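K.L.:
Can you read through this structure? Questions will come right after.
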Amino acid sequence: MTDLLTIGAVSRRSGVATSALRYYEERGLISSERAPSGHRRFHRAVLRRIAFIVFAQRIGLTLEEIGAELARLPPDRVPTGDDWSRLSCTWHTRIDEQIAELERLQAGLTDCIGCGCLSLDRCKLVNPGDCEAERGPGPTRWVQDAPGC
Ligand code: FES
């Protein structure tokens, strides 16, 4: 088994569309070599980078932030488990924030979230006259996790 994979093989194994893989490469997040035919060939280790990118996007990192994280990996060798661990340990705060946001969403889905719609009966009680608008745009009670006005 060769260690070099075609873009189609990488796509099948990673679950990421070939167009997204080409975009990641354009952004410098992953890299490939060119076969004599001109087609891309990826080292198998790229699968780990792609999984990292997908996971990082899911927890809300932008591609710029992901690029900065990946730049911390050693450029001259395949990253070890310790290398990856050093990256992900900085994410705990981010993941905790995501969990808190999802818990607020779960808890507040049937109540007023201060979005300005005033469509629920309860909104008229806890957001009279859309007083939540003074706290800023969007669903303020959900995003800011603050008591109603
Ligand atoms: S849910 Fe929209 S203002 Fe309350």
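K.L.:
Whole number please: convex hull volume per residue of the Cα set in segment 20-149, in Å³?
P.N.:
For segment 20-149, the hull spanned by Cα atoms encloses 141 Å³ per residue.
K.L.:
Using the count of nearby Cβ atoms within 10 Å as a rough guide to exposure, how do Cys149, Cys117 rank from fewest to most?
P.N.:
Cys117, Cys149
K.L.:
May I pose another question? For Asp83, what charge total do you get from the other residues with a beta carbon under 15 Å from its beta carbon, if Lys and Arg give +1 and Asp and Glu give -1?
P.N.:
Taking every Cβ under 15 Å from that of Asp83, the sum is +2.
K.L.:
Then there is this: Report the FRET efficiency, 1/(1 + (r/R0)^6), for Arg48 and Glu101, where r is their Cβ-Cβ distance and R0 is 25 Å, rounded to 0.05.
P.N.:
0.35
K.L.:
I'd like the orientation of helix 92-108 relative to the chain: the angle between its Cα long axis and the longest Cα principal axis, in ° from 0 to 90, rounded to 10.
P.N.:
40
Readers should treat all values here as calculations from the given coordinates under stated rules, not as data from a laboratory. Since the model is a prediction, treat every value here as computed from it, not as a measurement. Counting neighbours? That spans all protein chains shown, and the Cβs are built from the backbone with ideal geometry, glycine included.
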